[in-house]
1. How about the range 8-20: which of its residues are outside any loop (DSSP other than H, G, I, E, B) and either in contact (Cβ under 8 Å) with a residue 60 or more places away in the chain or under 17 Å from Met196 (Cβ atoms) (or both)?
2. Of the residues Ile146, Ile161, which is more than 13 Å from the ligand (Cβ to nearest atom), in contact with an Asp or Glu (Cβ under 9 Å, 6 or more places away or on another chain) and open to solvent by 50 Å² or more (accessible area, probe 1.4 Å)?
3. So, in the range 201-217, how many residues would count as being within 11 Å of the ligand (Cβ to nearest atom), open to solvent by less than 20 Å² (accessible area, probe 1.4 Å) and of a type outside the set (Val, Ile, Thr)?
4. Looking at Ser127, Ser170, can you tell me which residue is loosely packed, with under 13 Cβ neighbours inside 10 Å and of a type in the set (Gly, Ala, Ser)?
5. Is it true that Ile217 is closer than 26 Å to Asn110 by Cα and touching a Leu at 6+ places or on another chain (Cβ under 8 Å)?
6. Based on this model, can you work out whether Met152 counts as away from the ligand (no atom under 14 Å from the Cβ) and touching a residue at least 40 places away in the same chain (Cβ under 8 Å)?
7. Which one of the conditions (1) touching a residue at least 12 places away in the same chain (Cβ under 8 Å); (2) in contact with a helix residue (DSSP H, G or I) (Cβ under 7 Å, 6 or more places away or on another chain) does Thr158 fail to meet, given that it meets all the rest?
8. When you go through Val108, Val83, Val76, Val89 one by one, which is the residue that is modelled with pLDDT of 95 or more and in contact with a Cys (Cβ under 6 Å, 6 or more places away or on another chain)?
Amino acid sequence: MSIAENIQKFENITSSEGCTLIAVSKTKPAEDILQAYKCGIKDFGENKVQEMTDKFEQLPKDIRWHMIGHLQRNKVKYIAPFVHLIHSVDSMRLLKEIEKQGEKAGKVINCLLQIHIAREDTKFGLSEEELEELLQSEEFAAMNHIKIKGLMGMATNTDNIEKIRDEFRSLKELFEEIKKTYSHSNIDFRELSMGMSSDYLIAMEEGSTMVRVGSAIFGSRNYNT
Ligand SMILES: *Cc1c(COP(=O)(O)O)cnc(C)c1O
């Protein structure tokens, strides 16, 4: 199937549920992004700062760029001026740097806190305890160049559907709990970013508001380049 046909399919599935489709374009050329853009997609996800910055410079300026990969503190400054949403905030130190760069850029940077839901050691993210500690801290309360729009999580990479469902369900529960417990001007809990090509349907059934779909739209990635 072509990129256009894939987009059509995913748009039909997500828009009827009020879920935002984020086309994950990492490793793919600008032409592929333009094809998706011409089908009406405005939200694109990237996981590398340099690649996202290059694509931002080449492509239409109304694209909303989502940083979905692990972000190093010393690179925040390159994306701060244009990034739409950072999904992968996984430490207080990173959040502090985003606050600093938001202030420099004269803007409020939208963030999701990435939660470690998979029972694998390899995935980044905050534990529930770390999340609560962060949200309760005075340092966090003083930040006014960031806005926490919700949570992000990645399920374990497994064929066990029930395990994936359990992980998404517990993230949704945590989301609802945080949403009702914390009210502060830099918290505006609306988005739950979960689900990718292999598990977006389960994620949507469990309450996802943003699915991050790459290979099922653009085809499989070649990392050997
Ligand atoms: C690459 C990536 C995706 C998309 O993965 P696909 O399996 O290609 O849909 C989603 N989320 C994150 C964080 C990613 O790094």
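The values are calculated or read from the model by the stated rules, or taken from the named source; none is laboratory data. Note that the coordinates shown come from a computational prediction; the quantities given were computed from them, not determined experimentally. Don't worry about glycine lacking a Cβ; one is built from the backbone with ideal geometry, like all the others, and counts go over all protein chains shown. Accessible surface is based on the protein model in full, side chains and every heavy atom, while ligands, DNA and RNA are left aside. Shrake-Rupley method; radii C 1.70, N 1.55, O 1.52, S 1.80 Å.
1. If the condition is that a residue be outside any loop (DSSP other than H, G, I, E, B) and either in contact (Cβ under 8 Å) with a residue 60 or more places away in the chain or under 17 Å from Met196 (Cβ atoms) (or both), then Lys9, Phe10, Glu11, Ile13, Thr14, Thr20 are the ones that fit.
2. Values: Ile146 fails: open to solvent by 50 Å² or more (accessible area, probe 1.4 Å).
Testing whether each residue is more than 13 Å from the ligand (Cβ to nearest atom), in contact with an Asp or Glu (Cβ under 9 Å, 6 or more places away or on another chain) and open to solvent by 50 Å² or more (accessible area, probe 1.4 Å) leaves just Ile161.
3. Looking only at the range 201-217, we keep the residues that are within 11 Å of the ligand (Cβ to nearest atom), and these are 203, 210-217.
Subset that is open to solvent by less than 20 Å² (accessible area, probe 1.4 Å): 203, 210-214, 217.
Checking which are of a type outside the set (Val, Ile, Thr) leaves us with 203, 210, 212, 214.
Residues flagged as within 11 Å of the ligand (Cβ to nearest atom), open to solvent by less than 20 Å² (accessible area, probe 1.4 Å) and of a type outside the set (Val, Ile, Thr) within the range 201-217 amount to 4.
4. Step by step, each of Ser127, Ser170 is checked, and only Ser127 is loosely packed, with under 13 Cβ neighbours inside 10 Å and of a type in the set (Gly, Ala, Ser).
5. Details: closer than 26 Å to Asn110 by Cα: yes; touching a Leu at 6+ places or on another chain (Cβ under 8 Å): no.
For Ile217, the condition - closer than 26 Å to Asn110 by Cα and touching a Leu at 6+ places or on another chain (Cβ under 8 Å) - is not met.
6. The answer is no for Met152.
7. It is condition (1) that Thr158 fails.
8. On the way: Val108 fails: in contact with a Cys (Cβ under 6 Å, 6 or more places away or on another chain); Val83 fails: in contact with a Cys (Cβ under 6 Å, 6 or more places away or on another chain); Val76 fails: in contact with a Cys (Cβ under 6 Å, 6 or more places away or on another chain).
Exactly one of Val108, Val83, Val76, Val89 is modelled with pLDDT of 95 or more and in contact with a Cys (Cβ under 6 Å, 6 or more places away or on another chain), namely Val89.
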